[in-house]
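A short worksheet on the structure shown next.
Computed from the coordinates by the stated procedures, all read-outs in this text should not be read as laboratory data. Predicted model, so just to flag it, every value in this text is computed and none were measured. So basically every Cβ, Gly included, is an ideal-geometry build from the backbone, and we count neighbours across all protein chains shown.
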Amino acid sequence: MSFALPIALTLAALALPIIALYILKVRLRRVPVSTNLFWKQIYEEKPPRSIWQHFRHLLSLLLQLLLLLFIVLAIADPYFSWQLLQARRLVIVIDNSASMRATDVKPTRLDAAKNGALELIDGLRFRDEVAIVLAGSTPEVVVGMTGHAPTLRDAINGIEFSDNPTSLTTAIELGRRLIGEHPHGQVLVMTDGCVEAVGLTDSDKQALPTDPTTAVADVAEKSASKETPPEQPVENMNEPSPVEYRLFATEAPNIGITQLQVRRSLIDPLGYEILASVKNASTSPVACRLELTLNDIPVDVISLKLKPEELWSRSIEKTTLDGGPLKAVLTQIVAGTVDEIAAAAAENTKVSGSTTSSELDLLSTDNSAWALLPARKTQKVLVVSPGNLFLQKVFEANPLVEVTVRKDFPEQWPLDSIIVLHGPLPATLPSGNVFAIDSIGSCDQWDQGEVLENPIVTDQDKASPLMNHIRLDNVLIPQARQLQFKTPPHSLAKTLSGEIVFAEVKRPNGKCLALSVSLDSSDLAFRTAFPIMVANSLGWFSGTTGELQASVPTGVVTTLAVTTKAANVSLQSPLQKISSVAVSKPSDIESDSSLVTVGPLNEIGLWKLTATGPTTAKKVEGPEIDSLAEVAVNLASERETDLRPLKELLDSPESKTIMAGWFGKPLWFYLIILACVLTSVEWFLYQRRFIS
């Protein structure tokens with residue numbers, strides 16, 4: 001036997017004052033009396049005793065010394081060597097993904113999983129060590145290896161809900177790394193089984209539970225001294241630690257929005273397209289309504305009748321000049337046969353005997369989704385051209401453009417307009433945004449070379465927003481003018497011979513595009529690529545393409561390009577939690593732009609990026625707080641919407657974790673119990689006058 005705190009044995013010296021107190025004579029109190037005749041008689045009958053005769057209460061003294069012995073041994077914390085050899089290292093992986101909010105296991109799946117983890121903590125054996133790992137989109141170690149039960153309980157109670165998907169495989173791998181090569185390591189996974197796959201080995205599959213409705217599998221209480229498996233041999237040290245799954249779920253039905261995206265139309269400048277998907281993750285048909293609002297103004301209401309396991313998806317076209325947050329919400333969820341649902345919808349009545357919304361939809365997280373629609377802004381365009389109807393009409397057809405056409409150069413170039421130069425060029429290009437098309441002559445940015453006969457475009461910069469949805473390789477170009485740039489430009493389209501026909505010209509006094517294709521001799525003006533090219537260019541000149549601001553799934557980390565000079569930039573979550581973020585300034589982007597990396601975004605809704613202090617953005621009335629950007633975050637996971645556990649986790653044998661029984665506690669625990677029992681015995685004997 002060894003002691004964790006052997007210095008505590010020195011407390012046994014307290015036995016000396018205990019014995020001294022039994023030997024010590026009691027000094028009698030002096031009391032005056034009328035005669036001492038009777039006291040002398042009593043004194044003669046009871047002569048003084050020797051020092052050893054003071055031990056007349058030997059039973060009381062032995063009980064006191066035995067009580068001291070138990071307390072000293074408990075403080076010294078004795079243990080046996082086999083207890084160290086059989087100690088385990090456990091990792092409890094807790095799934096707090098969005099599906100753990102479901103209420104089919106009361107009060108919620110996550111609460112049931114936390115209670116199961118607390119029961120595991122209460123059943124730890126002596127010298128066991130435990131770590132807590134959170135299995136979200138990115139695994140997180142909540143508490144490292146420790147045997148301190150209060151710390152583990154506080155960590156488990158502090159776990160909160162999230163809207164992230166789960167990745168059990170990476171969390172299990174992290175748990176195995178925490179265990180290392182310990183011979184008695186084990187990973188315990190508390191989950192609802194709503195995962196795509198878990199990547200189980202054959203040994204892992206033997207440890208899976210059978211009953212998904214049981215919060216904690218029934219385990220037999222076994223003695224830590226007798227039921228612990230023997231130490232593994234050295235040759236098995238590199239085998240992965242076994243994994244045991246405990247499910248907190250039922251075959252619960254659910255319906256949810258699995259996708260919501262919105263973008264501006266590529267054809268209609270005022271139009272936009274909504275892509276929405278709804279999943280019926282149940283075995284019965286469901287009817288519901290999908291309500292769409294833009295800036296809290298109703299846009300559309302769609303009645304849905306979904307068959308079992310059906311995934312409904314549709315692209316919806318709408319028109320507006322405004323932008324803002326687009327929200328989709330599922331309402332009026334009922335169940336029944338397809339015929340009953342159709343009949344009830346025709347009669348505007350409720351399905352007879354239908355299931356209520358609370359019984360059909362046990363997860364509210366996926367009933368709402370958000371997207372951001374970019375706003376359209378009116379732009380002024382000055383077209384300087386000797387006359388080309390197609391060029392004029394492509395700008396006039398855009399309702400977001402105020403077009404002014406003239407044939408000669410103005411005396412003063414407007415600073416608030418995009419200048420389109422078709423044909424002759426001034427010796428010096430005007431400041432601001434310039435789009436040179438089929439230019440004739442030279443300027444301060446390039447010189448005109450020879451005429452290119454029948455050039456074929458073979459190389460396009462597909463990564464540039466200026467070339468989105470554009471193909472120039474099938475355009476018939478009888479001739480184009482060669483441009484010899486004085487400063488190397490950013491090539492957007494090249495010919496087979498390497499000549500640049502469409503380029504972004506870098507200059508300090510404004511943005512500039514150069515297109516050397518002839519509109520009169522080529523068929524570019526008759527193809528859809530030309531109006532798309534013009535729309536991309538207008539968006540690029542205004543600082544954004546204005547087409548798509550994609551919604552992102554929960555749990556991701558994303559980078560936003562913002563225009564700010566503020567020192568303090570904050571990220572506000574949908575639940576109004578504010579956190580500071582770092583702003584970087586890469587050298588390859590514009591001087592007024594910065595990059596901000598935010599995430600992981602673990603809540604659904606609209607996240608807002610704000611700046612405090614001076615910025616280059618337009619000021620608003622009130623405090624100096626500018627809204628820099630917004631990000632729409634949705635659950636967007638069919639697997640999290642489907643609340644039914646993975647079949648592989650259901651068809652599995654019983655769990656077999658050995659928990660600490662009554663005799664699995666450390667020795668000090670039993671010594672304290674014996675001390676308490678001994679105190680009660682001494683009190684009983686004193687009350688019964690066996691000791692005085």
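For the listed residue pairs 393/511; 377/462; 106/608, the alpha carbons are over 28 angstrom apart in 106/608. Per residue, the convex hull spanned by the Cα atoms of segment 270-339 measures out at 81 cubic angstrom.
Site pair residue 520 and residue 321 shows an inter-label distance of 3.6 nm when each label is modelled 7 Å from Cα along Cα→Cβ.
Close amide H contacts of residue 458 (hydrogens built in the peptide plane, cut-off under 5 Å, sequence separation of 5 or more or a different chain): 494, 495, 496. The ranking of 563, 679 from fewest to most other beta carbons within 10 Å of each one's beta carbon is 679, 563. A simple spin-label model places the labels of residue 146 and residue 31 6.0 nm from each other, with each point 7 Å out along Cα-to-Cβ.
Karplus-based coupling profile of segment 671-681, in residue order and whole Hz: 5, 5, 4, 4, 5, 5, 5, 5, 4, 5, 5, with θ = phi - 60° in 6.51 cos²θ - 1.76 cosθ + 1.60 and x standing for Gly or Pro.
Throw me the Rg/Rh for segment 379-541, computed over C-alpha atoms with Kirkwood Rh, two decimals. If you can, show how the numbers build up before the last one.
Numbers: Rg = 14.5 Å, Rh = 15.8 Å.
My calculation puts Rg/Rh at 0.92.
Arrange the peptides 473-481, 294-302, 368-376 so that the one whose residues have, on average, the most other Cβ atoms within 10 Å appears first. All intermediate terms of the calculation are to be shown ahead of the outcome.
On the way: 473-481: 16.3, 294-302: 13.2, 368-376: 21.2.
For the peptides 473-481, 294-302, 368-376, the packing ranking is 368-376, 473-481, 294-302.
Dividing the Cα radius of gyration of segment 100-142 by 2.2 N^0.38 Å, with N the residue count, gives 1.37.
Note: segment 100-187, Cα convex hull, 98 Å³ per residue. Take the Cα of residue 103, step 7 Å toward its Cβ, do the same at residue 570, and the gap between the two points is 3.3 nm.
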